[in-house]
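FYI, it's all coordinate maths here, none of it is from the lab. Computed from a prediction, not measured in an experiment: that's the story for all the values here. Every residue, glycine as well, gets a Cβ built from its backbone with ideal geometry; the counts of neighbours run over all protein chains shown.
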Amino acid sequence: MTETVSEMAAPAADGVLRRPSLVGRTRAGLGDALAEIGVPEKERRMRVGQLWNWIYHYGVREFDAMTTIGKGLRAQLAERFSLDLPEVTAEQVSTDGTRKWLLRMPSTGPHDRGAEIECVYIPEVDRGTLCVSSQVGCTLTCTFCHTGTQRLVRNLKTEEIVAQLMVARERLGDFPNRKAPDGAFVPNDGGRFVSNIVFMGMGEPLYNFDGVRDAIDVISDDQGLSLGRRRITVSTSGVVPQIGPLGEEMGTMLAISLHAVRDDLRNELVPLNKKYPIKDLLEACRNYPGLSNAKRITFEYVMLKGVNDSDAEARELVRLLKGIPAKINLIPFNPWPGTRYECSDWDRIERFSEIVFRAGYASPVRTPRGRDILAACGQLKSETEKLSARARLMLEQDEAGATPAVAAE
């Protein structure tokens, strides 16, 4: 096969050729990489298994550490590929222990400086939850959400979604038999801190269905990162046609960003409701594959002062959800610069919760985490929004294999 520079490595915005990373690839993707360097087909399955174990179970960062693989193959891999993770361009630690990372993905071409996204780690007494992003920006424009004020740049690739978990485990010292990097937050009980994942970061996961599905396959594989699908929750604002396929193909827990009990109000808070109204959304929930009392749907409801927090709305919420195995997660609104909303008063939130609880639904009030570093629910927003229209267009054309054209500023 004749190789070109583009096949060997992608030129970054600074003109430097960088070897493509194997981190985040599926088993098929690792097989393709081995095929590129001439590994015979009959040998690839074994080699994929070896790479998989070293990359995802042990989290190694150098091919030389892969001692079960011969030196010759290690050298071939190192010449063509890397095990690089996205660059952590900023790390913030909240007073409550929440950590937010701004990650810059490797550039995809000379006009791409590398997409930037945020992910958040939330430590709790009985678990450690990683909130991951599925898109750069968002297309939904939910009016109470800071991320919704950032226009969509592109979907994240499967590798870029998986890489967020890899970065978290690296920064937390969460791989076995590995020395943690300086400044890492290391478990002191021998356990792993990232025990759960929620797709509640930047973007609408069901608008990146294939990327999210393939990432979940990698994350849940019991020979590597080993996070069970019951510990993975995909949150959607209500992309109704994809809810059934989510249950069938991914089998994860489901969360619905509901936030209102009337179509007129939800049209304002979650504009996607104009396309998929509450009735259609709840019907899709009732038919969610595997739905049971052991696999309940979480309905997220942000508490907005004087907007959606009345007793009448609490009672209507209970009525709407009748017959759906569910829990209702009440989220105190997390303010961000420029918002017009305020958080409901605490006694109002407690009264709303009491009505829901008395109707037989678990109604925990989510403790705001990471507010001081804008890491709480609805506060994520990356620097990628500053990309010019020209840079965005060139990025999109690079991905599509098109010839770059001049964009209108």
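Ordering of 268-281, 210-223 by packing is 210-223, 268-281, highest average first (other Cβ atoms within 10 Å, averaged per residue). Packing around the peptides 295-306, 320-331, taken as the average count of other Cβ atoms within 10 Å per residue, puts them in this order, highest first: 295-306, 320-331.
Show me the ranking of peptides 29-40, 254-265 by mean Cβ neighbours inside 10 Å, starting with the highest. Mind dumping the intermediate values first?
On the way: 29-40: 15.6, 254-265: 20.0.
Top of the packing list down: 254-265, 29-40.
Overall, the ratio between the Cα radius of gyration of region 224-308 and 2.2 N^0.38 Å, rounded to two decimals, is 1.16. 3J(HN,Hα) along region 349-361, derived from phi through the Karplus expression 6.51 cos²θ - 1.76 cosθ + 1.60 where θ = phi - 60°, amounts to 4, 5, 5, 4, 4, 5, 4, 5, 5, 5, 7, x, 10 Hz, with x in place of Gly and Pro.
When the listed pairs LYS295/LYS322; LYS100/LYS279; LYS305/LYS327; LYS157/LYS322; LYS100/LYS295 are checked against a 27 Å cut-off, the alpha-carbon distance exceeds it for LYS100/LYS279; LYS157/LYS322; LYS100/LYS295.
Rounded to whole numbers, the Karplus 3J(HN,Hα) couplings from phi for region 71-82 are 4, x, 5, 4, 5, 4, 4, 5, 6, 9, 10, 10 Hz, using 6.51 cos²θ - 1.76 cosθ + 1.60 with θ = phi - 60°, and x at Gly and Pro. Label sites at THR68 and GLU36, each approximated as a point 7 angstrom past Cα along Cα to Cβ, lie 2.3 nm apart. With the dipole of region 278-337 worked out from charges on the C-beta (+1 for Lys and Arg, -1 for Asp and Glu) around the Cα centre, which of PRO337, TYR301, ALA284 lies farthest toward the positive end? Result: ALA284, furthest along the dipole toward the positive end.
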